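What follows is a single structure, written as structure tokens, with notes after it.
Coordinate-derived values only; no laboratory data. The structure displayed is predicted, hence computed values, not measured ones. So basically every Cβ, Gly included, is an ideal-geometry build from the backbone, and we count neighbours across all protein chains shown.
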Amino acid sequence: MDYNRMNHSETYNKKIIWKMGLNASLGSLIFGYNFGVFNTSQENVSAALGWNDNKDLYISIMTALFSAGGLFGATSAGLITNKIGRRRALMLMDILHMVSCALFAIIYTPFFAAGRFLTGYVCGVYSTLVPLYLSEIAPADIMGKIGDLSQLIIAFGVFLSYVVGLPLPIDDNNSSQLKYYWILMFTVQILFSITQFFILYKVYKYDTPVWYLSKHQNEKALYCLLQWYNETGAYDVLKKFGSSVIGILEEDHDNSGFSQSELTVEICEKASLEIRDEIDFSYKDLLLFRKKTGKMMRLGFLMNTFQSTTGVAALTAYTTKIFMSLGMGTFEARIFTVGLGILNFLSTLSVIPIIDKFNRKTLLMTGVSCMCLSMFSLGFIAENDLTSSFLVFTFIITFIFGYGTGIGTICWVYSGEILTSRAMAICIGANWFWATVDTFTFPNVVNIFSIGVAFWIYSVICLITIAYFLVDFVETRGLNKFQIRKAFEKFS
């Protein structure tokens, strides 16, 4: 049989794969929701907690605490997921998320700060774990679409947080009947982690095949695969995760008359050994670019760095304030913020049908070019006092569209394709580090210089991003894990 030409649609249960992906992506929903929930509620939280004249400082600190927690979460995710598995790591984060939601119910600044940091930590682990989980369950022919699911649900989470913030008081935060509505905003998200925990506990009781293979639990890996695939499909998945001896085994199979099930078991043994070797890349190996990991680490690190430093972190955290500083009223700014949330979700959704039809590099370059033009134009508008709501919203729309169809989506898909779990922990940790720096320094840059200068800085970073990836990029569309790894070894 020619296994390379098999019809993938007949070898696996697509509904189960998508349901598993959606359930795992509840972690991305929590991530997106928390990335945006403080945006519209900053004034209300400040009034309730009595920050008064130190309001701007506290807002900067609370915004940065979330990103700082994410940095610690992302960098520790590799250790956690390799030790206890992807499924149990998700369940552990669900429990920690429930604890963080409880902290927000206590109206006291130290508890709010602890809740922001712990939520950030949980989201940092989710941001590494969910793309990894999706890449390990996705068949090769829908890997791009499944990989885009993470960014899509993040975008929906951001949008949802903006919508939930619309009823917040506008003027008198202390006397309004809704002055403590923000507590509901921060605690209602507990439903997401409860739902995910329950589904993982009662329905999806097995980890990913890759994790089982890495622990040499081959029987569980095969049993797990056969819940979603037929025998041919299970064989194909094992090929996806790579074995340099596949061709030899297939030739032996043709000559010996072994059944496919016997061949599948043999390949399982070989894949297990190779996956264990890959996971055995130590942090030292990865940081020092040993064992031909240099190209992989460089592209993974810079992709995540540029995603967080081209303006989206500040825009997501301070959209309402940005709109207000450009001449809008409070409620008008919130409405426009919700509009951006919708656009971010729709632009990410629009990528799903085309992500496996166009090269990753093409989508990346097109998206970042839109972002660059938008940031330059916003800087020009701000510096020349052209306070037109239409112009401001138009160029922020083009920025969000470029981000959602470009680096916003490609970063998560590409990271899941090219990085091992430990490498993802390092690279996504860098993403969170720069998000922390960006969200903390953005208000200071605006105060010291102007918001127009801040926009122009982001425009320059976008130009650098375009220039770098024009000359240094490895295309992964249509390649399986083994082929991607070999391509990177070739360039390292």
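Numbers below:
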read-out	value
Proximal lysines to residue 361, defined as alpha-carbon separation beneath 25 angstrom and excluding residues fewer than eight positions away on the same chain	145, 240, 292, 295, 481, 486, 490
Burial ordering of 290, 298, fewest other beta-carbon atoms within 10 Å first	290, 298
Positive dipole terminus of the chain, leading residue within 79, 469, 138 (C-beta point charges)	79
Loop-located chymotrypsin sites (Phe, Trp or Tyr not before Pro) in the stretch 370-471 whose Cβ has at most 12 other Cβ within 10 Å (DSSP)	449
Lys, Arg +1 and Asp, Glu -1 on Cβ, resulting dipole of the stretch 96-218 about Cα centre, debye, nearest 20	300
Cα centre as origin, Lys/Arg/Asp/Glu Cβ charges: the chain dipole, Debye	460
Contact order normalised by residue count of the chain, Cα under 8 Å, 6+ apart, percent	24
The chain, helix-only ellipticity at 222 nm - DSSP H runs n ≥ 4, -39,500 (n - 2.57), divided by all residues, nearest 500	-26000 deg cm²/dmol
Candidate lysines - alpha carbon under 19 Å from residue 83, same-chain residues fewer than 8 apart omitted	205, 215, 220, 284
Environment charge of residue 60, counting only residues whose C-beta is closer than 15 Å and scoring Lys/Arg +1, Asp/Glu -1	-1
Between 0 and 90°, nearest 10: helix 190-202 axis offset from the chain longest Cα axis	10
